[in-house]
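Notes follow once the structure below has been shown.
The values are calculated or read from the model by the stated rules, or taken from the named source; none is laboratory data. What you see is a predicted model; the values in this text were computed from it and never measured. All Cβ positions, glycine included, derive from the backbone under ideal geometry; neighbour counts span all protein chains shown.
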């Protein structure tokens, strides 16, 4: 049995403000409004790759399909080249039928071929995976069958956890475990009984991430987001989700009000890297950048976070090699609004505009740490394998 140090049990786990899901939904909504708030654009005949889309209210826009999801399409606008997510239920029936039949990945598409060629030339040291490898990895994770005795809802939560671990460069073969899930269910029910979240009421609550929402799959995004002033400094829920030795996990709920994630496992066989991060190194999908804080974790201990300097630079182009750990860097300095020591040898830091697309260089020095890595945030919706 894993004993939990007393200081870890003091971490509060309230998720009254569910910013994790809300921020994504609001982003979809505002992008949709922006796309269709353009004036009705006349059709341009002869452009075979472009289509005039019509929404359910009769408003029109000219766009090109970038990718197709289970219930949405990513469209590049002819007017300004920007990309927008459009849910199927906002499009006309004809457009929905067209989109569902559309092959969004033609082998001879010049723009995509050029982009993949550029990605292939980028150093694997800086960019561990191409965008296509990220897409394939997410598909693979979502297609994994549930372990024996694991419900569909629990397995959906397990897959969500593994996607975040995959994107952070960690082992992503964590399995749902029936015993751990029973313990998580007991913890959720204990919280429901007292009408509050607490790690000090027994019933495995001291070994679980706890959420005030009953949706187990959504709770994973909430833990990664780790919002709220009571979680701001330590962001322990995120740290436990991204704990390298994890090999099995359990999820449970007590109706719509409470859920739990049994997370303190060390049975995994994956190696602990020298450092791992959220958002992870290299290409990182914007859809998975939740909340206002980034984190970086180290295999070595961090004695005094005040001696550690964290810097973020927004670059004008992809770096071809690692940038210097000291001195000036050709890029805009991104202000860090808050820095704190996380659980599990980590540092949390809040860069200005943490969800903005672009290429960033993160530099961590001092206190015995020397680390630099690139994060390139891009909007990329993988196809749903279901």
Within the range 219-232, track down each residue that is surrounded by 19 or more Cβ atoms within 10 Å (Cβ to Cβ) and either farther than 14 Å from residue 350 by Cα or within 13 Å of the chain's Cα centre (by Cα) (or both). 219, 220, 221, 222, 223, 224, 225, 226
Within the range 201-221, can one find any residue that is under 25 Å from residue 373 (Cα atoms), outside the structural domain of residue 283 (by TED's automatic domain parsing) and not in a loop (DSSP other than H, G, I, E, B)? yes
Single unsatisfied condition, residue 325 versus (1) within 24 Å of residue 227 (Cα to Cα); (2) touching a strand residue (DSSP E or B) at 6+ places or on another chain (Cβ under 6 Å); (3) without any contact (Cβ under 8 Å) to a residue 60 or more places away in the chain: (1)
How many residues of the range 346-355 are in contact (Cβ under 8 Å) with a residue 24 or more places away in the chain and surrounded by fewer than 16 Cβ atoms within 10 Å (Cβ to Cβ)? The answer is 0
Filtering the range 124-162 down to residues that are in a loop (DSSP other than H, G, I, E, B) and in contact (Cβ under 8 Å) with a residue 40 or more places away in the chain yields 125, 126, 127, 128, 129, 130
For the range 292-304, give me each residue that is surrounded by 15 or more Cβ atoms within 10 Å (Cβ to Cβ) and modelled with pLDDT under 95. 302
What about residue 157, is it surrounded by 20 or more Cβ atoms within 10 Å (Cβ to Cβ) and within 20 Å of residue 262 (Cβ to Cβ)? yes
Just one of (1) under 25 Å from residue 367 (Cβ atoms); (2) outside the structural domain of residue 364 (by TED's automatic domain parsing); (3) buried (at least 20 other Cβ atoms within 10 Å of the Cβ) trips up residue 250, so point out which. (1)
I'd like the full set of residues that are more than 23 Å from the chain's Cα centre (by Cα), closer than 26 Å to residue 135 by Cα and outside any loop (DSSP other than H, G, I, E, B), limited to the range 54-87. 63, 64, 65, 77
Taking the range 216-261 and keeping only residues that are at pLDDT below 95, touching a helix residue (DSSP H, G or I) at 6+ places or on another chain (Cβ under 9 Å) and within 16 Å of residue 186 (Cα to Cα), one is left with 255, 257
Which pairs have Cβ atoms under 7 Å, sit 6 or more apart or on different chains, and link a residue in the range 84-106 that is surrounded by 11 or more Cβ atoms within 10 Å (Cβ to Cβ) to one that is part of a helix (DSSP H, G or I) and modelled with pLDDT of 85 or more? 88/96
For residue 326, are the conditions met, namely being surrounded by fewer than 16 Cβ atoms within 10 Å (Cβ to Cβ), in a loop (DSSP other than H, G, I, E, B) and not assigned by TED's automatic domain parsing to the domain that holds residue 74? yes
